[in-house]
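Working notes, beginning with the structure itself.
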Amino acid sequence: MNINSLIQLLVILEECSNPEAVVTELEQILRGCGFEYYGLLRHVPQNPVQQNPDPWAAALAGRWPEQWPQIYTAKKYALIDPMVRYLAHAQRPFRWREAMAAFHKDAHERRMEQMMVDAFGHGLEDGYIFPIHGRNGILASLSLAGKPIELSPVEIALLEAVARKAFWRLLDLKGEAQALETVLLADTPLTRREMEILHYLAEGMTSMEISKMLKISNHTVDWYMNGLQDKLKAKNRQQAVALAFRHGLIS
């Protein structure tokens with residue numbers, strides 16, 4: 001692997017003027033490093049209402065074997081994927097086999113092994129995952145996969161920097177970085193009632209249903225909701241719920 005190319009990429013990504021250029025430069029370097037497949041995925045907090053999460057829907061960029069995303073989704077591998085589960089607590093980059101080892105004798109071990117057999121059959125023989133953390137936890141990750149490749153500590157550190165740079169540059173160019181960097185003001189915490197309404201909204205309830213649940217009027221629910229949107233700097237109810245998940249206010 002050309003270490004100088006990775007260092008140069010950090011500079012090039014900052015100079016990219018559109019998301020397409022970021023993806024092109026990233027793919028070129030990753031392919032040069034020997035990784036045929038990759039995915040830069042935003043982290044979507046688990047919603048108890050969602051029974052079959054689709055990680056591909058949160059992709060900022062990626063290239064995977066043909067049919068693999070469909071197979072992964074159809075077999076609901078996201079529910080038992082050892083890399084996804086390990087990523088939830090990982091503080092540093094890790095290799096796939098580390099995640100598999102961590103769940104040895106897990107109740108879902110056989111399903112995990114079957115997932116890895118399927119992945120291998122599609123050319124995903126080995127891989128690395130680079131977590132991208134923010135102030136409140138995991139924001140995204142860069143997955144690299146293909147043939148087995150031994151990375152040195154220096155290469156891992158540089159790829160970790162590349163992952164962060166590509167992620168934030170894409171968000172900047174898409175106009176989405178500011179929302180992630182918004183901090184809830186300490187002097188305007190959410191009230192107990194606002195938290196109750198947020199949870200009900202996250203469960204898909206309407207104002208009418210929430211008003212009956214809390215024994216208050218529709219207008220009162222809407223009044224609380226307007227206050228929530230102001231505090232979260234959200235444009236609508238859907239965005240307010242999404243930001244609440246992102247900030248860890250609800251889970």
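The values are calculated or read from the model by the stated rules, or taken from the named source; none is laboratory data. Keep in mind that what you see is a predicted model, and the values were worked out from it rather than measured. Ideal geometry is used to build each Cβ from the backbone, glycine not excepted, and the neighbour counts take in all protein chains shown. Heavy atoms of the whole protein, side chains included, go into the accessibility calculation; ligands, DNA and RNA do not. Shrake-Rupley method; radii C 1.70, N 1.55, O 1.52, S 1.80 Å.
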All-but-one check, Met115 against (1) aliphatic (A, V, I, L, M); (2) in contact (Cβ under 8 Å) with a residue 12 or more places away in the chain; (3) open to solvent by 40 Å² or more (accessible area, probe 1.4 Å), failing number (3)
Filtering the stretch 62-98 down to residues that are closer than 20 Å to Gly121 by Cβ and part of a loop (DSSP other than H, G, I, E, B), which residue is most open to solvent (accessible area, probe 1.4 Å)?
Glu66
Identify the residue in the stretch 1-20 that is in a helix (DSSP H, G or I) and within 11 Å of Ala166 (Cβ to Cβ) and, among all such residues, is nearest to the chain's Cα centre (by Cα).
Pro19
I'm trying to understand the selection: among the residues of the stretch 125-171, which are among the basic types (Lys, Arg) and touching a residue at least 40 places away in the same chain (Cβ under 8 Å)?
Arg135, Lys147, Lys165, Arg169
Counting only residues that are charged (D, E, K, R) and open to solvent by 70 Å² or more (accessible area, probe 1.4 Å), the stretch 22-39 contains a total of 2
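So, in the stretch 236-251, how many residues would count as being open to solvent by 30 Å² or more (accessible area, probe 1.4 Å) and either among the charged types (D, E, K, R) or in contact with a His (Cβ under 7 Å, 6 or more places away or on another chain) (or both)?
2
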Tell me, yes or no, whether the stretch 148-166 has at least one residue that is at pLDDT below 95 and under 15 Å from the mean Cα position of the chain (by Cα).
no
Scan (1) more than 28 Å from Leu30 (Cα to Cα); (2) among the small types (Gly, Ala, Ser); (3) outside any loop (DSSP other than H, G, I, E, B) for the single condition Ala234 breaks and write down its number.
(3)
So which pairs qualify, if the first residue must be in the stretch 236-251 and modelled with pLDDT of 75 or more and among the aromatic types (Phe, Trp, Tyr), the second must be open to solvent by 30 Å² or more (accessible area, probe 1.4 Å) and not in a helix (DSSP H, G or I), the Cβ gap must be under 6 Å, and the two must be at least 6 apart or on different chains?
Phe245/Pro45
Conditions (1) farther than 25 Å from Val84 by Cβ; (2) part of a helix (DSSP H, G or I); number of the one not met by Leu159:
(1)
In this structure, does Gln178 turn out to be polar (S, T, N, Q), free of Cβ contacts under 8 Å to residues at least 12 places away in the same chain, assigned to a helix (DSSP H, G or I) and under 20 Å from Thr73 (Cα atoms)?
no
